[in-house]
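Remarks on the structure that follows.
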Amino acid sequence: MTDTPDDQPLAEGMPDLGGLLESAQEMMANAQAAASRIVEGVSGGGLVSVQVDGHFDFHSISIDPSAVDPSDVALLEDLVLAALRDASAQLQSGQQGALGGMDLGGIDLGGLGGLLGGGDQ
C-alpha cells in the first residue's frame with residue numbers, strides 16, 4: 001500500500017471519502033439544528049400566529065380577539081391556514097439551508113406538504 005496524504009484520492013477518479021464523510025456529518029448536524037428550531041408563522045399582520053418546530057410539532061397558536069367575528073368564521077379559518085402555510089414555508093426554507101441548498105422536493109413530509117399548501121388541492 002502506498003502512502004498518500006488524506007486529502008488526495010488514492011487513484012484518479014476516486015472521491016475523497018474522508019471529505020465526503022465530513023460533509024455528510026456537517027449536513028446531518030445542520031439538519032438536526034434546523035429540526036429543533038421553532039419558527040412562527042403569522043398572518044393578518046400578526047392577528048394569527050402559529051409556532052411549530054422542524055418535526056412539524058405545533059407548540060402554540062395565538063389568535064388576537066379582534067380576529068374573531070362570529071359572522072365571518074371563514075376569515076378566521078383563512079387566517080389560521082395562512083399562518084400554517086407561512087410556518088411551513090419557513091421550515092422548508094430552513095431545511096434547505098441546513099442541507100446546503102439541496103432540493104427537498106423528493107422528501108416525504110407525511111402528507112403535510114399538501115396540507116400546508118405544498119401540493120395541489
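The values are calculated or read from the model by the stated rules, or taken from the named source; none is laboratory data. Fair warning: this is a prediction, and the values are worked out from it, not measured in the lab. All Cβ positions, even for glycine, are placed from backbone atoms using ideal geometry, and neighbour counts span all protein chains on display.
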Pair list, Cβ < 7 Å and 6+ apart or interchain, from the range 44-63 residues that are in a loop (DSSP other than H, G, I, E, B) to residues that are buried (at least 16 other Cβ atoms within 10 Å of the Cβ) and acidic (D, E): none
Tell me whether the range 13-26 contains one or more residues that are within 13 Å of the chain's Cα centre (by Cα) and not hydroxyl-bearing (S, T, Y). no
Can you find even one residue in the range 33-46 that is modelled with pLDDT under 85 and buried (at least 16 other Cβ atoms within 10 Å of the Cβ)? yes
Tell me, please, whether a residue that is free of Cβ contacts under 8 Å to residues at least 12 places away in the same chain, in a helix (DSSP H, G or I) and among the charged types (D, E, K, R) can be found in the range 12-31. yes
Take D69 and decide whether it is surrounded by fewer than 16 Cβ atoms within 10 Å (Cβ to Cβ) and of a type in the set (D, E, K, R). yes
I need the full set of residues from the range 32-43 which are part of a helix (DSSP H, G or I) and among the polar types (S, T, N, Q), in order please. Q32, S36
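Given the residues A74, A82, which is the only one that is assigned to a helix (DSSP H, G or I) and loosely packed, with under 12 Cβ neighbours inside 10 Å? Steps first, answer last, please.
Details: A82 fails: loosely packed, with under 12 Cβ neighbours inside 10 Å.
On inspection, the qualifying residue turns out to be A74.
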Based on what the data block shows, is S49 in contact with a strand residue (DSSP E or B) (Cβ under 6 Å, 6 or more places away or on another chain) and either exposed (fewer than 12 other Cβ atoms within 10 Å of the Cβ) or among the polar types (S, T, N, Q) (or both)? yes
